[in-house]
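The values are calculated or read from the model by the stated rules, or taken from the named source; none is laboratory data. As the structure is a computational prediction, the values presented were derived from the model and not from experiment. Heads up, the Cβs are rebuilt from the backbone with ideal geometry, glycines too, and the neighbour counts pull from every protein chain shown. Only protein heavy atoms, including side chains, enter the accessible area calculation; ligands, DNA and RNA are left aside. Shrake-Rupley method; radii C 1.70, N 1.55, O 1.52, S 1.80 Å.
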Amino acid sequence: MGHLNLPASKRNSRQWRVLDLVSAFLFGLVFLFFLLVFTPLGDSLAASGRQTLLRSTADPQQRHRLIAVIEAGQQQTIEACPADAVDHMPCEDPRLNSQLSREMNYYRERHCPRPEDTPLCLIPPPDGYKIPVQWPESLHKIWHSNMPHNKIADRKGHQGWMKREGQHFIFPGGGTMFPDGAVQYIEKLGQYIPINGGVLRTALDMGCGVASFGGYLLAQDILTVSFAPRDSHKSQIQFALERGIPAFVAMLGTRRLPFPAFAFDLVHCSRCLIPFTAYNATYFIEVDRLLRPGGYLVISGPPVQWPKQDKEWSDLQGVARALCYELIAVDGNTVIWKKPAGDSCLPNQNEFGLELCDDADDPSYAWYFKLKKCVSRMASVKGEYAVGMIPKWPERLTASPPRASLLKNAVDVFDADTRRWIRRVSYYKNSLSIKLGTPAIRNVMDMNAFFGGFAAALKSDPVWVMNVVPARKPSTLDVIYDRGLVGVYHDWCEPFSTYPRSYDLVHVTSIESLTKDPASGKNRCNLVDLMVEIDRMLRPEGTVVVRDTPEVIDKVAHIARAVRWKPTIHDKEPESQGGDKILVATKTLWHL
């Protein structure tokens, strides 16, 4: 009574249905397991989870708490960024810049996020990353897995830029305007300008491609800063740095480039596509600001004798005449001019209405400084610094620079600084076992360079040094260029304009001063963010050297462990005065 008697067939049907559902559920779990473990979807979901976590660390209060915990020395490891951030440059992020004005390429210049809007995480290396090929072999080949971006090789391989061969990218040394190779092109230029003999030392290559021009000029002891924006080619500067060639991400748009006035003995453009005469010749005027008196300007490609660009070519010649540049040669699609040694020849009237800047203009001020439409006065900078007047290389490295006069007793300070860094670098090599002077270290950055003494002490080593002069400190970058060294202005409360994994060694003295306002002494940013940025720039297994007070070094050591470095603390060299300590840290090679 009260029971419902089903036929046997119906009971079996229901039982089988339940068994089917259970089996299907179990099969689904197994399938999901294999999907997550053995397919890219698992990585994608994991990255998504990490991204959620990282977004939470961008919350200002949580960032502040995390930074406070790390600075207090508590054991804390900063999380890894997602896999798609392997080539991330915070201030040249196309996702952030896409909403900005296209006028004068403003959107392709530096635009940095606020620190509180930036996830606090460590950039991972790409899958398959290997310790880079060492110099000088790296000039000719690099590992494909370190930057597996084939676009340039696919588009420019027929022009000799680069091509893929097995596990490597190969660099034959060609360019769009010199497909037969940079060596032959440089030999052609040597017919008109003094490539050999130390007359020319510092060069600027604008829109440089993979920087073969600058790479092959190194054989002539000419040190070239190659720059290009982050553009459709994506990784041209990244390739240059991986090759061991001095390079920097920049865009000639609405602001001065971050270099001092009259810095470069040679400025070169090979199909750089910069409209020099546009905006009332503003870009030509910026080149003039950067070119040393008596220096050489070389433009290859459009509009020089280029089909259907007669007007542009005529305008380019007109601006050069207005600035009294001497025409050295027009060889095919290449033009070479020499800049005059003084201001007096600039006409009062010319077709572009060019005028000299007023006496109050500082032509070396160039950090976030809007381009001017006036010509920088050479007379505003004192000293014999013209090409032909400044000592030849290598004598100019140790000669008292003509523009060292901004400090009291500048000659004595310069000489003392030079001797101090010779002593310190010897101690780094012999007592701290830093691999300077070996093929393991090629790309070097000095974050607080002053007169460039650290770089000068490395003259005999197979390295190049990016000397950085902080924007809020005394402007000594012109002295560095007078010595025949290179560098840029930068504010270390912002990320640097380079790709991840750019440098083998990063060196900094007085690191805490880079985060403080020089006038008030108050913090403008924090050491944790700065050291995360150093980690972004540093290659795996690269070296960091920090000199500062014992208290600061202890703080830096806590943060070093949080960014997965292996730090050791050393006493300073015995013969040095002061109470400095030296931290030497190695960045570990880790993977997601």
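General observations
- If you wrap the tightest convex hull around every Cα atom of the stretch 515-592 and split its volume per residue, you get 105 Å³.
- Overall form of the stretch 442-592 per C-alpha gyration tensor (a/c, 1.5; a/b vs b/c): rounded
- Apportionment of accessible area to carbon and sulfur, the stretch 539-592, percent (1.4 Å): 49 percent
- At a Cβ-Cβ separation cutoff of 4.7 angstrom, cysteine residues of the chain with no neighbouring cysteine are C208.
- Under a 5 Å amide H cut-off, with hydrogens placed 1.01 Å from N, S364 pairs with A261 among residues at least 5 apart or on other chains.
- Across the stretch 323-336, coupling constants 3J(HN,Hα) worked out from phi with the 6.51/-1.76/1.60 Karplus curve, θ = phi - 60°, read 8, 6, 6, 8, 6, 8, 6, 10, 10, x, 9, 10, 10, 10 Hz, and Gly and Pro carry x.
- Reachable lysines from K382, criterion Cα separation under 23 angstrom, eight or more residues apart if same chain: K338, K339, K372, K373, K392, K408, K473
- Summarising the amide proton neighbourhood of S270: residues at separation of 5 or more, or on other chains, whose placed amide H is nearer than 5 Å comprise M206, S300.
- The largest-to-smallest principal axis extents of the Cα set in the stretch 331-371 are 40, 27, 21 Å.
- Prolate/oblate/rounded label for the stretch 185-338 (Cα gyration tensor, a/c 1.5): rounded
- At least 24 Å along the helix axis (C-alpha) and Kyte average at least 1.0, DSSP helices within the chain: 8-38
- Where labels lie 7 Å past Cα in the beta-carbon direction, separation of K372 and E326 in nm: 2.6 nm
- Two-site label geometry, C345 and A519: point separation in nm, points 7 Å out along Cα→Cβ: 4.2 nm
- Additional length obtainable on full extension of the chain from E187 to E384, 0.36 nm per residue less Cα span: 68.0 nm
- Length gained on full extension, A72 to V411, computed as 0.36 nm times the residue gap minus the Cα-Cα distance: 117.8 nm.
- Summed over the residues of the chain and divided among them, the accessible surface reaches 44 Å² per residue at a probe radius of 1.4 Å.
- When you filter the GluC sites (Glu not before Pro) in the stretch 73-113 for DSSP loop state and at most 16 other Cβ atoms inside 10 Å of their Cβ, you are left with E79.
- Under the Debye formula (equal points on every Cα, no solvent term), log10 I(q)/I(0) of the chain at q = 0.11, 0.13 Å⁻¹: -1.07, -1.47
- For the stretch 195-325, the carbon plus sulfur part of the accessible surface works out to 48%, probe radius 1.4 Å.
- Note, ³J(HN,Hα) from phi for the stretch 164-181, Karplus 6.51, -1.76, 1.60, rounded to Hz, x at Gly and Pro: 9, 9, x, 7, 10, 8, 10, 10, x, x, x, x, 4, 9, 9, x, 7, x
- FRET efficiency, H111 to N430 (Cβ-Cβ, R0 30 Å, nearest 0.05): 0.10
- Net length gained if the chain between N196 and S145 were fully extended (0.36 nm per residue, minus Cα distance): 14.7 nm
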